1. For V189, which of the numbered conditions (1) outside any loop (DSSP other than H, G, I, E, B); (2) within 13 Å of ligand 2 (Cβ to nearest atom); (3) open to solvent by less than 30 Å² (accessible area, probe 1.4 Å) fails to hold?
2. Would you tally the residues in segment 1-22 being modelled with pLDDT of 95 or more and open to solvent by less than 40 Å² (accessible area, probe 1.4 Å)?
3. Go through segment 230-244 and count every residue that is open to solvent by 40 Å² or more (accessible area, probe 1.4 Å) and within 10 Å of ligand 1 (Cβ to nearest atom).
4. Among the numbered criteria (1) over 21 Å from G149 (Cα atoms); (2) surrounded by fewer than 21 Cβ atoms within 10 Å (Cβ to Cβ), which single criterion is violated by P378?
5. Taking the condition open to solvent by less than 40 Å² (accessible area, probe 1.4 Å) and assigned to a helix (DSSP H, G or I), does L248 pass?
6. Considering only residues that are out of contact with any strand residue (DSSP E or B) (no Cβ under 7 Å at 6 or more places or on another chain), closer than 23 Å to N141 by Cβ and not in a helix (DSSP H, G or I), which ones fall in segment 39-71?
7. Out of V227, V152, V208, V189, I need the residue that is outside the structural domain of V119 (by TED's automatic domain parsing), within 26 Å of T29 (Cβ to Cβ) and either within 13 Å of ligand 1 (Cβ to nearest atom) or not polar (S, T, N, Q) (or both). Which one?
8. Being within 22 Å of M291 (Cβ to Cβ) and open to solvent by 70 Å² or more (accessible area, probe 1.4 Å) is true for just one of V49, V119. Which residue is that?
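The values are calculated or read from the model by the stated rules, or taken from the named source; none is laboratory data. Because the structure is predicted, anything quoted here is derived from the model rather than measured. Note that each Cβ is placed from the backbone with ideal geometry, even for glycine, and that neighbours are counted across all protein chains shown. Just the protein is used for accessible areas: all its heavy atoms, side chains included, with ligands, DNA and RNA removed. Shrake-Rupley method; radii C 1.70, N 1.55, O 1.52, S 1.80 Å.
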Amino acid sequence: MNSATQQKPAAAPTSADGNRKRIGLFGSTGSIGTQALEVIAANPDKFAVTVLTANSNFELLIEQAKKFRPQTVVIGDESKFQTVKQALAGTGAEVMAGDQSLVDAASLEHYDMMLAAIVGFAGLRPTLRAIENGKSIALANKETLVVAGDIVMQQAVEKRVPVIPVDSEHSAIFQCLIGETRNRIEKVVLTASGGPFLGKKPNYLVNVKREHALQHPNWNMGAKISVDSATLMNKGLEMIEAKWLFNLRPEQIQVVIHPQSIVHSFVQFEDSSIKAQMGLPDMKLPIQYAMAFPQRIANAFPRFDFSKSAQLTFEPPDIKTFRNLGLAMEALYKGGNLPCVLNAANEIAVYGFLRNRIGFLDMTEVIEQTMKKIHFIPKPTLEQYFESDGEARSFAASLMNL
Ligand code: NAD
Ligand code: MG
């Protein structure tokens, strides 16, 4: 069976703005969002931003809107509506507020591609709405596929909407698959840096705090994904993301620790040949690739220098210590609503850890107990995914006295 992404490259969406692709940037104030705006600013002839959304950082949202002049600006936090509206008076931007507006904005006519850069479960509904409306998706928000990957990808196929990964590992796999439409994948190997605690054991991890977990050696990312990288949950979420993006069986997805973050992932084909995609760790590259696909755009990003970084090393992950990865693998293999439950419990656990309510290793306990507690549903409807998410969040929060 051919993989879902071994599809023919989709034509760049035609837009009503000359040849520029109109980007709806959902989650514009985050790490991915701000880097996407750097890419857009560097390519004004190729991209325009017509929708900007943020949850609470209204100051940065206002600044971005004044610079990029989108037609629509959405602030999740309704208490900031008047402030944003007044600040943008005279710019011509329509300002909306609230969670429902975030979803409604996904139906707007005046954008071609959604860059899904909201973090967590909150990204699911806007992304589904964009797909319903036939928008191309550049997907950074991996949780959308972890929670409801079957429904999201099915809808994308029905609507003939390309879902182009922004996550660096999945972008690597996607790039390795170009030209391989007729060939079968034997397996994919996702590379993981190992995060800031690579090589550490539980007696060390029991004492680590928020500040340590947020210091990633190779990538500068939002708080949630930084903690996920430190626990290796991020790689577990990415295994589930890969399953849906590339239509793989769980046993076709492996993880290898590669501390230098130069090889972004591997694809092995049936003839034993392995392809890899490489480059310096810089999210602007996969962001630009997804937005410009099927084109590559010349840029001045720093280049990898073989004479300076001769050592590329690989080792198996330590899932006895980093048990979150094992839990995510269990969810990957069992499927149903378990990945959704895992994700919800993880979001709550990370929230608790970031507020110093629980320790680093306690996050695993919260997730494991929530996975045991919530009723297993083998083939959930979208409604049941929402219910499982809500139940898992409440139970996980109760474990932490939140
Ligand atoms: P971030 O925390 O830096 O930014 C998140 C963005 O989402 C912000 O604009 C915020 O306003 C918005 N947001 C947060 N909660 C929201 C809510 N409840 N409703 C609406 N909007 C909300 O996160 P990030 O690091 O940019 O990551 C974004 C997504 O991309 C995540 O799913 C992450 O896993 C994925 N990703 C990030 C990186 C990276 O390098 N940062 C790499 C690969 C994948
Ligand atoms: Mg990644």
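1. Looking at each condition in turn, V189 falls short on (2).
2. Residues in segment 1-22 being modelled with pLDDT of 95 or more and open to solvent by less than 40 Å² (accessible area, probe 1.4 Å): 2 in total.
3. 0
4. Of the numbered conditions (1) over 21 Å from G149 (Cα atoms); (2) surrounded by fewer than 21 Cβ atoms within 10 Å (Cβ to Cβ), the odd one out for P378 is (1).
5. The answer is no for L248.
6. N43, N55, S56, N57
7. That would be V227, the only listed residue that is outside the structural domain of V119 (by TED's automatic domain parsing), within 26 Å of T29 (Cβ to Cβ) and either within 13 Å of ligand 1 (Cβ to nearest atom) or not polar (S, T, N, Q) (or both).
8. After applying the criteria, what remains is V119.
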